[in-house]
Amino acid sequence: MNKIKLIFFHHAGGSSNDYLCFQKFLSNDIEFYAIDLSGRGSRIYEEFYKSSDEMLEDVYNRVVEIIKDSDYILFGHSMGAIIAYCIEVMLEKNTNKCAKKVFLSGKEIPCNEVFQKYKNINKLNDNEFFDAMIAYGGISKEFSECKELVDLFLPILKNDFKLLEQLEKNIKHTKLLCSISVFFGREDNLSEELISAWKNYTEKEFDIQSFQGGHFYIKNNLKKLCRIINEYVSLTRIG
């Protein structure tokens, strides 16, 4: 039996390197992939996207090349959750396939209330932007305490928030044909009502689970998350 392909989409300012740790605890039935957006990770020397449309087209083409004729699951954290949702909408519209499941982590539904939270944040000066990211919980403690990292990744983070603002503004409500599982940290600066509202974005099953921690709860809950993914894949194989 062919392996199921698990494709990760990273958070704003992140890269595929942030999710390589999953490989250690995923079952042998899973083939792991992590997408790098342009301008970081394996694509550090490439130019930033100029628009969210350019980003989605690029990511979509990469995902199609990965999936081919295989079964697949998408997992997105924070900004990556919105990207995962948009990519699945595109896949369902343009191909005869849909994901076995989409895991959405640490992100509220796209709506005006969330859009207003991020509107024009990328236009703040560097100090104001950095303070806003700390207030939102969008920067890890380790990151904020390392000036070299801040200087390197702040331009990436600001461009990502420009793209996120465009996504939040233009996204259309479409129900997916696959099930959705939502994860979030209980200490994250998010509205549980708006996280739970992802149930309105699927025609299939929906579940939601909270974990101890803030926006970057994944780090301290990695084994538990992998166990959930592994159990789902195992049940899919049996079914």
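Bear in mind that the values in this text are calculations on the coordinates, not laboratory data. Being a predicted model, the structure only gives us computed values, none of them experimental.
Given a cut-off of under 8 Å on Cα pairs at least six residues apart, what relative contact order in percent is computed for the chain?
21 percent
Would you please give the residues with an amide H less than 5 Å from that of SER179, counting only those at least 5 places away or on a separate chain, with H modeled from the backbone geometry?
Long-range HN contacts for SER179: VAL102, GLU205.
When the Karplus curve 6.51 cos²θ - 1.76 cosθ + 1.60 is applied with θ = phi - 60°, which whole-Hz ³J(HN,Hα) does each residue of the range 173-187 get, with x for Gly and Pro?
Once θ is set to phi - 60°, the couplings for the range 173-187 become 6, 10, 7, 6, 8, 10, 6, 10, 10, 10, 10, 7, x, 5, 9 Hz.
Determine the relative contact order of the range 52-116: mean sequence separation of Cα pairs under 8 Å and six or more apart, normalised by residue count, in whole percent.
Once normalised by length, the contact order is 35 percent.
Greater than 29 Å separation of Cα atoms is the criterion. Which listed pairs, LYS24/LYS50; LYS204/LYS224; LYS24/LYS158; LYS123/LYS199; LYS107/LYS223; LYS3/LYS175, meet it?
The answer is LYS24/LYS50; LYS24/LYS158; LYS123/LYS199.
Using the Karplus curve 6.51 cos²θ - 1.76 cosθ + 1.60 with θ = phi - 60°, work out ³J(HN,Hα) for each residue of the range 211-216 in order, rounded to whole Hz, and write x for Gly and Pro.
Per residue, the Karplus-derived 3J(HN,Hα) values read 9, 5, x, x, 5, 9 Hz.
List the residues whose amide H sits under 5 Å from the amide H of GLU31, counting only those 5 or more places along or on another chain, with H placed 1.01 Å from N in the peptide plane.
Those lying under 5 Å, H to H, from GLU31 are ILE4, LYS5, LEU6.
Specify whether the C-alpha gyration tensor of the chain places it in the rounded, prolate or oblate class, a ≥ b ≥ c being the square roots of the eigenvalues: rounded for a/c under 1.5, otherwise prolate if a/b is larger than b/c and oblate if not.
Rounded is the answer for the chain, as its axis ratio a/c remains below 1.5.
Taking θ = phi - 60°, what integer Hz values does the Karplus form 6.51 cos²θ - 1.76 cosθ + 1.60 yield along the range 82-93, in sequence order, with x for Gly and Pro?
Values per residue, Gly and Pro as x: 5, 5, 4, 4, 4, 5, 5, 4, 5, 5, 5, 6 Hz.
How big is the gap, in Å, between the Cα center of the range 158-199 and the Cα center of the range 2-50?
One Cα centre to the other: 19 Å.
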